Amino acid sequence: MEFEWLKKVMPRGLYGRAALILFLPVVAVTVVVTVMFLQRHFEDVTRQMTVGMTRELALIARRIDEAPDIDAARQSAQREAGPLELQLILPATEPARDWRVFYDLSGRVVISELNSRVAQVRGVDLSNRREVRVTLDSKFGPYQLVFPRERVSASNPHQLLVLMVGTSLLMTAIATIFLRNQLRPIRRLARAAEEYGKGRIIPYRPVGATEIRSAGTAFLEMRSRIERQNEQRKLMLSGVSHDLRTPLTRLRLGISMLSPDLPPEPEEIAALEGDVTAMGRMIDTFLVHARDAAQDAPPAPVPALEFVRNIVADAQRGGQEVQLGEMQGDQAGQATFRQDSLRRAVENLIGNAVRYGDQVEVEAALGPSYFRVSVEDDGPGIPAERREEALKPFTRLDPARNQNQGQGVGLGLSIAADIARAHGGQLRLVNGTRLGGLRAEIVIPR
């Protein structure tokens, strides 16, 4: 690549790149202002002062050319040169030459103006920075006029440059302090993320600019969501082991009571088969949830309200007594989510509602920043003090939601809550306002 060399010399750290972004314009502005000052202001002032000086030189040259002899020329020129503070050397003691140091920018203007405006000028010597030695030609031979350099060029052009450099250094120091303060929250966020990647949670509070605070808040929400999901999976695993222990104990006890001499009674066989079926149902439910979560497609824009209508229509075709309620918001609006997993969560809520109630109604609302799906039934509901418990895996409440009414294993609400959290939302359990039972609401960001 043609710009690969630039990448090698550019700073790699954020601090170095941000400093370059801040300081490079300062340097560029300083250089541009310096050049403009030298070319437009300093050179123009020098040119104006030199033009005024050429009139005095021309006056002296005219007096010398009008004199009849060299002595009269010297006297006449001296009378004019004295009040004008010009030193006259007639005849000249040095050869005529144009000379200046290469960095004397104003000297170039002085030499050019004197040569172009005074015909008698043969050389302008600026070797001494404090004076100007002009060699002129006359009928009596060459002569020289010497005057202070400050009469043709500004004596303190460096003051502006010093002021500019000093101001630039001051602004650079202020920018450095400001930049360090702005980068400190980014370093803290990076350290918190790095430590979390190592399995350690350190205290972190979003500070700094608005964008950094937003990133820090998003990191905290992501960390909390991951921790909740990890806790949910731990609870699921512990719930599986806990719920399997009871039927396994019954199986072990039943097998130990079987006699090798007598065939088992049908009731004993049915009891053992029931325990095996219960264990298989729990394991299958957990494996289905784990497999579906692993196979979920990435989030994609989906027509939200139409998505809910399709779920209700599928439930009705399956024989479930479900009614479609109010659909609020833009009917053609879209929300971004994992379609398969959210469908699974809503179907779990519908299945729970149908199991424990006679009437079930599904509503949806699409707001500017949220998508809400509500499932309400007319069942016995869940007491407010036990709703948090109901969201835990393998939890079956009795008598509020009697497990004997269905074939659930206590994962329906837990899976729905887990899916809602995975979308950055939540599952809320509240009292139903229309049917009087439980109202379960999944709310996710749009």
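The values are calculated or read from the model by the stated rules, or taken from the named source; none is laboratory data. Everything numeric here is computed off the predicted structure, so don't read it as measured data. For neighbour counting, all protein chains shown are included, and Cβ atoms are generated from backbone atoms with ideal geometry for every residue, glycine included. Quick note on the areas: whole protein, heavy atoms, side chains included, nothing else; ligands and nucleic acids left out. Shrake-Rupley method; radii C 1.70, N 1.55, O 1.52, S 1.80 Å.
Residues of the stretch 152-204 that are aromatic (Phe, Trp, Tyr) and at pLDDT below 80: Phe178 alone. The residues of the stretch 328-381 that are open to solvent by 10 Å² or more (accessible area, probe 1.4 Å) and part of a loop (DSSP other than H, G, I, E, B), listed by number, are Asp330, Gln331, Ala332, Arg338, Gly357, Asp358, Gln359, Pro368, Ser369, Asp378, Gly379, Pro380. In the stretch 431-441, what residues are closer than 22 Å to Arg225 by Cβ and in contact with a Lys or Arg (Cβ under 7 Å, 6 or more places away or on another chain)? Answer for the stretch 431-441, where residues must be closer than 22 Å to Arg225 by Cβ and in contact with a Lys or Arg (Cβ under 7 Å, 6 or more places away or on another chain): just Glu441. Filter the stretch 167-194 for residues that are more than 17 Å from the chain's Cα centre (by Cα), open to solvent by less than 30 Å² (accessible area, probe 1.4 Å) and not hydrophobic (A, V, I, L, M, F, W, C) and give the result. Residue satisfying the conditions is Ser168 alone.
Filtered by the rule that a residue be over 39 Å from the mean Cα position of the chain (by Cα) and under 16 Å from Ser374 (Cα atoms), the stretch 312-347 gives Val312, Ala313, Ala315, Glu321, Val322, Gln323, Leu324, Gly325, Glu326.
More than 23 Å from Thr30 (Cβ to Cβ) and not in a helix (DSSP H, G or I), is that true of Arg200? Judged against the criteria, Arg200 is a match.
For Ile60, indicate whether it is modelled with pLDDT of 90 or more and either in contact with an Asp or Glu (Cβ under 6 Å, 6 or more places away or on another chain) or open to solvent by 90 Å² or more (accessible area, probe 1.4 Å) (or both). Spelling it out, Ile60 is indeed modelled with pLDDT of 90 or more and either in contact with an Asp or Glu (Cβ under 6 Å, 6 or more places away or on another chain) or open to solvent by 90 Å² or more (accessible area, probe 1.4 Å) (or both). Give the residue that is modelled with the highest pLDDT, with candidates limited to residues of the stretch 86-130 that are open to solvent by 90 Å² or more (accessible area, probe 1.4 Å) and hydroxyl-bearing (Ser, Thr, Tyr). Checked the stretch 86-130; the qualifying residue modelled with the highest pLDDT is Thr93. Here Thr433 clears all of (1) open to solvent by 10 Å² or more (accessible area, probe 1.4 Å); (2) farther than 22 Å from Leu305 by Cα; (3) modelled with pLDDT of 80 or more; (4) over 40 Å from the mean Cα position of the chain (by Cα) except the condition numbered (2). Evaluated against (1) farther than 16 Å from Asn115 by Cα; (2) in a helix (DSSP H, G or I); (3) open to solvent by 30 Å² or more (accessible area, probe 1.4 Å), Pro83 falls short on exactly one condition, (2).
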